[in-house]
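The values are calculated or read from the model by the stated rules, or taken from the named source; none is laboratory data. All values reported here derive from a predicted model rather than from experimental measurement. Because the Cβ atoms are built from the backbone with ideal geometry, glycine has one as well, and the counts that use them run over all protein chains shown.
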Ligand SMILES: Nc1ncnc2c1ncn2[C@@H]1O[C@H](COP(=O)(O)OP(=O)(O)O)[C@@H](O)[C@H]1O
Ligand SMILES: [Mg+2]
């Protein structure tokens, strides 16, 4: 390689530093990661087993009924859910579907449980807002694959690292929309609440959160969708489900299988998107 | 002891507070301080006191610091310097817990845009102040219902704010403020967002209410007419400073400086009466809902020979005459659209009565007072004549 004017200092060993930091982290907290790994695995496998125990007919009917009532007693989404899920079952992908659903639900729940309080914190504290905003930007601009690396380092392969990566990837919208929703509450209403002598938590729970609800729900909807897309990518590190079918089809160049699994994912995505949108109106 | 005493109150927005504060003490103006430090002085060294049972009006142009001042009284805005005493207690030094107690028990606030919670019903809005104090559901509902009853709003208790007109919403705002029986009411331009007719009604209601309740009111307005109408004393603010404090009479007869004089001139011009000052509430039908039968009923009841027709947004559509209506009823028509006449004379709310006279003289119908297509009120000939008569009495 030619000498360049830019080479007046040697290469800075950033990747080495990150690597040794990760080594330290995984080494020092091994017991913690291990117990999270085994506990998470236990919970999620249990949940999938339970879901599989439900007869597909019953499951499909429950989803259809939820769709029917959530969309104001219209048949469109319910009909789509019946035909779509039936198709997945017909293709022999039911167990994969249940695995994917477990991963998405767990990832979304964790994202919401972390994301809503963080969003509230950002709305209340200028400091939190200035510090967390760039972190969220970073989380959203990093290519999704990158999250698989620390996930594997901490938790090995399987469902738990899949959820870990999905939570990091899916968290930002819930945080951002919660922050936004609370900041958007009209000043006069906040003042009205305070002028009557509300405590901070009375103001939050009686005025701010109810008024921010629809915005927060829009964020949660996005989080669910991102969790779904990441769960598919997480099949690369051994997360089971429809994604792993797509992956193996890709590796073996089986166009047909790949298409069917991909289509099943699309069906799941549409049902989940519409359902969360309608449930949160 | 005065109910409220304010001493050397200052609010500085922005950075360089200390430097700005120093300049406030050197009697520098808001503009000078802004230029030197970049900080905005919201309230500049204001002192006054308000007596129990008084209606104390704070008046000034937009940006003069009225809202900032009134919000420091309950510390929605933290004072930069100075003291506030309520019943002798120093509000500005209180910790959060004591401050909450004062807010809950002594002070209530009414807001310009009503400040009603859109996700709560009228009853739930009215209960709010009691709810956060931990009253049981029964107790607080009972008290809130009494407050709504007094305001004539009980029929709407299960509706949501956006289902009510502006005037009604502000009645709810007032009922909510009164529900926990405060000693002091802070009203920040509480009537400024309302139509002129409704605004006058609300002023009357407030005065009536005050006769029996005897609260202490701090009322903010930018309208001198309103200030004169309801204020026992009026404080005039300019650029954060209090430029004059006195009764309406004192201010009108003896304005402290040019700024106050300008305000007073405005009142003089308003004394030459305008359309909006004499208009009355129209009897009307809605074009899409009411047919000839309804129209006939109303006209009989009110003894009218013509009546205006509006759409459901109060936009003026035209008018109908009694003769046409009788015919339409005989022909069993369902709508008034075919007999609608469009040639109703209309005027702006600012039209002077002298000009109105010409319009109304050659008209067989009343005159509509219209702004942006919406009918605010109507004027019949007798109103103009009596207004002119009174006017000439004043001048003689
Ligand atoms: N939060 C704020 N930050 C900076 N400046 C403010 C703030 N609130 C009010 N001001 C300034 O303080 C002055 C007084 O405002 P305000 O009390 O709202 O006036 P008014 O109610 O009489 O219209 C104005 O110059 C306004 O720009
Ligand atoms: Mg104001």
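Below are the figures for this structure:
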read-out: Answer from B:57, B:41 - the residue that is surrounded by 22 or more Cβ atoms within 10 Å (Cβ to Cβ), within 16 Å of ligand 2 (Cβ to nearest atom) and more than 26 Å from the chain's Cα centre (by Cα); value: B:41
read-out: Residue match in the range B:126-144 (condition: more than 14 Å from chain A (Cβ to nearest Cβ), in contact (Cβ under 8 Å) with a residue 40 or more places away in the chain and more than 16 Å from ligand 1 (Cβ to nearest atom)); value: no
read-out: Single residue of the range B:238-266 satisfying the filter (within 16 Å of ligand 2 (Cβ to nearest atom) and in contact with a helix residue (DSSP H, G or I) (Cβ under 6 Å, 6 or more places away or on another chain)) that is nearest to residue B:45 (Cα to Cα); value: B:240
read-out: Tally of residues being touching a helix residue (DSSP H, G or I) at 6+ places or on another chain (Cβ under 7 Å), in contact (Cβ under 8 Å) with a residue 40 or more places away in the chain and within 16 Å of ligand 1 (Cβ to nearest atom) across the range B:178-195; value: 4
read-out: Out of B:86, B:122, sole residue that is crowded, with 17+ Cβ neighbours inside 10 Å, out of contact with any strand residue (DSSP E or B) (no Cβ under 6 Å at 6 or more places or on another chain) and away from every other protein chain (no Cβ under 12 Å); value: B:122
read-out: Residue check, residue B:90 within 16 Å of ligand 1 (Cβ to nearest atom) and either in the same structural domain as residue B:178 (by TED's automatic domain parsing) or under 25 Å from the mean Cα position of the chain (by Cα) (or both); value: no
read-out: From the options B:104, B:100, B:71, residue that is in contact (Cβ under 8 Å) with a residue 60 or more places away in the chain, more than 14 Å from ligand 1 (Cβ to nearest atom) and surrounded by 18 or more Cβ atoms within 10 Å (Cβ to Cβ); value: B:104
read-out: Residue B:28 being within 16 Å of ligand 2 (Cβ to nearest atom) and either more than 14 Å from chain A (Cβ to nearest Cβ) or farther than 25 Å from residue B:227 by Cβ (or both); value: no
read-out: Matching entry among B:66, B:11, B:3 (being within 15 Å of ligand 2 (Cβ to nearest atom), closer than 30 Å to residue B:211 by Cα and either touching a helix residue (DSSP H, G or I) at 6+ places or on another chain (Cβ under 9 Å) or away from every other protein chain (no Cβ under 14 Å) (or both)); value: B:66
read-out: Complete set of residues in the range B:145-177 that are surrounded by fewer than 22 Cβ atoms within 10 Å (Cβ to Cβ) and either within 16 Å of ligand 1 (Cβ to nearest atom) or within 12 Å of chain A (Cβ to nearest Cβ) (or both); value: B:161
read-out: Residue list for the range B:18-38, filter: surrounded by 17 or more Cβ atoms within 10 Å (Cβ to Cβ) and either outside the structural domain of residue B:91 (by TED's automatic domain parsing) or closer than 21 Å to residue B:84 by Cα (or both); value: B:20, B:21, B:24
read-out: Matching residues in the range B:209-242 - criterion: being within 14 Å of ligand 1 (Cβ to nearest atom) and either assigned to a loop (DSSP other than H, G, I, E, B) or surrounded by fewer than 18 Cβ atoms within 10 Å (Cβ to Cβ) (or both); value: B:222, B:223, B:239, B:240
read-out: Filter result for the condition that a residue is part of a helix (DSSP H, G or I) and modelled with pLDDT under 80, over B:358, B:324; value: B:358
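Every residue, every condition in (1) assigned by TED's automatic domain parsing to the domain that holds residue B:135; (2) within 16 Å of ligand 2 (Cβ to nearest atom); (3) in contact with a strand residue (DSSP E or B) (Cβ under 9 Å, 6 or more places away or on another chain); (4) on the phi < 0 side of the Ramachandran plot, yes or no:
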position	(1), (2), (3), (4)
B:180	yes, no, yes, yes
B:186	yes, yes, yes, yes
B:190	yes, yes, yes, yes
B:201	yes, no, no, yes
B:204	yes, no, no, yes
B:208	yes, no, no, yes
B:217	yes, no, yes, yes
